[in-house]
Amino acid sequence: MSNGGGNGFILEGVRRLGAVALFLVRLLGECVPALGRPRLLVPQIYNAGARSLIIIMLSGLFVGMVLGLQGYDLLQRFGSVDALGTAVALGLLKELAPVVTALLFAGRAGTALTSEIGLMRATDQLTAMEIMAVDPLRYVAAPRFLGGVLAMPLLTAIFSVVGLYGAQLIGVQLLGVDKGAFWSQMQGSVGLRNVTEGVVKSVVFGIACSLIAVHEGYNAAPTAEGVALATTRTVVASSVITLLLDYVLTAAFL
Amino acid sequence: MVVDVRGVHYAVGGRPIFAGVDVQVRRGRITAIMGPSGTGKTTLLKLITAQIAADRGEVRVCGQDLAALSRSEIYVLRKRMGMLFQNGALLTDLDVFENVAFPVREHTDLPEALIHKLVLTKLQAVGLRGAAALMPGELSGGMARRVALARAIVLDPEMLIYDEPFVGLDPISLGVIMRLIKHTNEALGITSIVVSHDVRELATIADDSYLLSGGRVAAAGPPAQLRASDSAAVRQFMTGSEDGPVAFHYPAPDYAAQLFAADES
């Protein structure tokens, strides 16, 4: 009995994964025409990107401040507080900025995308488009997906910059780490490879989180409960997938 | 014949909705699809607009067999039809003007000045030219349906489909929508399919009618003919009697026995 249940669970998982993969293929096919329609695309970049700026900047600042404090506390035991800049920069660029930005993106922009598209489904707007011979995948889903994918690396970069400023604020301004050592050590030990790792992660997380948000909204049951469930699934799935992909990508870059 | 549905079977999750339905819609006429709630009226519209496919049987629209059409061919065919949804289904992020302009912008390269004139003409036809700048959230139910009608006719379709157009309207809005359906049909020569269970309203505007019941067509013909039908089921629906073949009471155990069963135990 339990074996049958287990098989059913696996089968359902594979079915869902297949459905998401097929959805991604169709979505990518619609992304090229969507790139040629800035009137549809720009508002979506604004919604996913600009509207997430405050939460990203605030979180970046606090994460950077905590890193500065924790890093200083640890490094001073070994008498190497000058390495604070390096430690903070590597931690932010490679890990914290892409991951925390993706988690915040899923909570703010992802839920907004899912509930918006889900409500369009529930109020027959997507069906109405289909009857008007307008593919909702092209008109609604593709610009929103692309908006998320383009916004994520930009948000990650802003998170990193604000985070570095926060760490500098605590480490240099408050705790007295030498300003020259902080920046020059960072400059000396952070290479293009480290920055690339962060950028690759942010692009992959952007694709994963935007795909999940758009897919869940597009396939939400057309009821209030269906939209609520889809929104919850967006946050849960995006968070878990982000952390899983983070491990895979970290291992790949080592 | 604009729509020709023959011997259609359709089931959802093993539960049959249609067991051999035949419906023919003739060009230039208003055809009513009637039936009690849950008889698959909206499902029939989904079949005609190729949102779903029949399990068995044939659905032909404008002479084309829907089962043989590819996705892109279905989209080409849909440009020849318009549909009015129960709630209007207006795009909530666009104002009234842009909602009506939406199909024009998506399917044509007309210059802005021409789109402007075209949209205002259609809004004038439904009496809402003055509401062009309003957002869908600012409209009443009747107004939303009129905007949706303007959007449905903006590309001059051959066929218009109305899904429950009279539900939840006050008498004035109801009269307006009825007049618009009749007027659109006559002035533009558009074939109209109206799905509804409002028998009295349909009787005044429909040329042909079909009554769906139990997965089949229970009766077909002009509304007056249906009203004079010998069938008890058809008469009950047309006159709105409480009891008849469709019983008022949902099947239940004996009333007295159930009431006093608790006392005895």
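With each label point set 7 Å from Cα along the Cα-Cβ vector, what nm distance links B:Tyr250 and A:Tyr46?
It is 5.0 nm.
Ignore the peptide's own chain and count Cβ atoms of other chains within 10 Å of each Cβ in B:100-110; give me the average, rounded.
On the way: counts 0, 0, 5, 6, 0, 2, 7, 3, 0, 0, 0.
Per-residue shielding by partner chains comes out at 2.
In straight Cα distance, which lysines are under 20 Å from B:Lys79, not counting same-chain residues fewer than 8 positions off?
Result set, ordered by chain and number: B:Lys46, B:Lys122.
Specify the angular offset, from 0 to 90 degrees and rounded to the nearest 10, of the alpha carbon long axis of helix A:111-122 from the longest principal axis of the alpha carbons in chain A.
So the inclination is approximately 10 degrees.
Would you please give the residues with an amide H less than 5 Å from that of B:Asn87, counting only those at least 5 places away or on a separate chain, with H modeled from the backbone geometry?
none
Taking 7 Å along the Cα-to-C-beta vector as the label spot, tell me the B:Ala133-B:Glu98 distance in nanometres, rounded to one decimal.
Between B:Ala133 and B:Glu98, the label points sit 1.5 nm apart.
Please determine, in degrees from 0 to 90 and to the nearest 10, the orientation of helix B:141-153 with respect to the longest principal axis defined by the Cα atoms of chain B, where the helix direction is its Cα long axis.
60 degrees
Measure of size requested: the Rg and Dmax of the protein assembly as shown, with Cα atoms as the atom set and Å as the unit; please supply both.
In order Rg, Dmax, the Cα atoms of the protein assembly as shown give 30.1, 101 Å.
Listed highest first by mean packing, meaning other Cβ atoms within 10 Å per residue, what order do B:16-26, A:10-20, B:252-262 come in?
Details: B:16-26: 17.9, A:10-20: 11.2, B:252-262: 8.7.
The most tightly packed comes first, giving B:16-26, A:10-20, B:252-262.
Sum up the charges of everything whose Cβ sits under 15 Å from the Cβ of B:Leu188, counting Lys and Arg as +1 and Asp and Glu as -1, but leave B:Leu188 out.
Local charge sum for B:Leu188: +4.
Where the centroid of each part is defined by its Cα atoms, how far is region A:145-221 from region A:30-101 in Å?
After rounding, the separation between the Cα centres reads 3 Å.
Hey, with R₀ at 22 Å, roughly what FRET efficiency would B:Leu120 and B:Arg179 work out to, going by the Cβ-Cβ distance, to 0.05?
Values: r = 20 Å, r/R0 = 0.92.
Taking R0 as 22 Å, the efficiency between B:Leu120 and B:Arg179 is 0.60.
Using every Cα-Cα pair within chain A, state what percent have a distance larger than 24 Å. List each step's numbers first, then the result.
Values: 16996 of 32131 pairs.
Beyond 24 Å sits 53 percent of the P(r) for chain A.
Taking θ as phi - 60°, what are the ³J(HN,Hα) couplings along region B:131-139 by the Karplus curve (6.51, -1.76, 1.60), each to the nearest whole Hz, with x for Gly and Pro?
For region B:131-139, the Karplus curve yields 9, 4, 8, 6, 8, x, x, 8, 9 Hz.
Each label point is 7 Å from the Cα along the Cα-to-Cβ direction; what then is the distance between the points at B:Leu69 and B:Thr42, in nm?
Spacing of the two 7 Å Cα→Cβ label points: 2.2 nm.
Within 10 Å of each Cβ in B:81-89, how many Cβ atoms from other chains are there, averaged over the peptide?
Across the residues of B:81-89, the mean count of other-chain Cβ atoms within 10 Å is 4.
With a 10 Å Cβ neighbour count serving as the proxy for reagent exposure, in which order, fewest first, do B:Cys62, A:Cys209 appear?
Placing the least packed residue first, the sequence is B:Cys62, A:Cys209.
Rank the residues A:Ser210, A:Ser189 as a footprinting-exposure proxy: fewest other Cβ atoms within 10 Å of their Cβ go first.
Details: A:Ser210 29, A:Ser189 14.
So the residues, fewest neighbours to most, are A:Ser189, A:Ser210.
So if each residue of separation counts as 0.36 nm, and I subtract the Cα-Cα distance between B:Ala19 and B:Ser140, what length gain in nm does that give?
Contour length minus Cα-Cα distance gives 39.7 nm.
Would you work out which of B:Met178, B:Pro222, B:Leu123 lies farthest towards the positive end of the dipole of region B:108-265, given +1 charges on the beta-carbon of Lys and Arg and -1 on that of Asp and Glu, about the Cα centre?
The residue sitting most towards the positive pole is B:Leu123.
For each of A:Met65, B:Met1, B:Met135, A:Met129, count neighbouring Cβ atoms within 10 Å of the residue's Cβ, then give the residues from fewest to most.
Fewest to most other Cβ atoms nearby, the residues stand as B:Met1, B:Met135, A:Met65, A:Met129.
Under a cut-off of 17 Å between alpha-carbon atoms, report the aspartates and glutamates in cross-link reach of A:Lys94, not counting same-chain residues fewer than 8 places apart.
A:Glu197, A:Asp246
When the helices in the protein assembly as shown are scored as -39500 (n - 2.57) per DSSP H run of 4 or longer and the sum is shared across all residues, what 222 nm value do you end up with, to the nearest 500 deg cm²/dmol? Please report the intermediate quantities before stating the final value.
Working: 21 runs with 303 residues, N = 519.
Helix-only estimate at 222 nm: -19000 deg cm²/dmol.
Against the longest alpha carbon principal axis of chain B, how many degrees, from 0 to 90 and to the nearest 10, is the axis of helix B:96-107 turned?
Between the helix axis and the principal axis of chain B, the angle is about 80 degrees.
So, R0 is 22 Å and r is the distance between the beta-carbons of A:Val66 and A:Arg193; what FRET efficiency does that work out to, to 0.05?
Step by step, r from the Cβ atoms, then E = 0.30.
Each value in this text was obtained by applying a stated rule to the coordinates, not by laboratory testing. Keep in mind the model is a prediction, meaning the values are calculated, not measured. Neighbour counts are summed over all protein chains in view; Cβ atoms, including those assigned to glycine, are modelled from backbone coordinates with ideal geometry.
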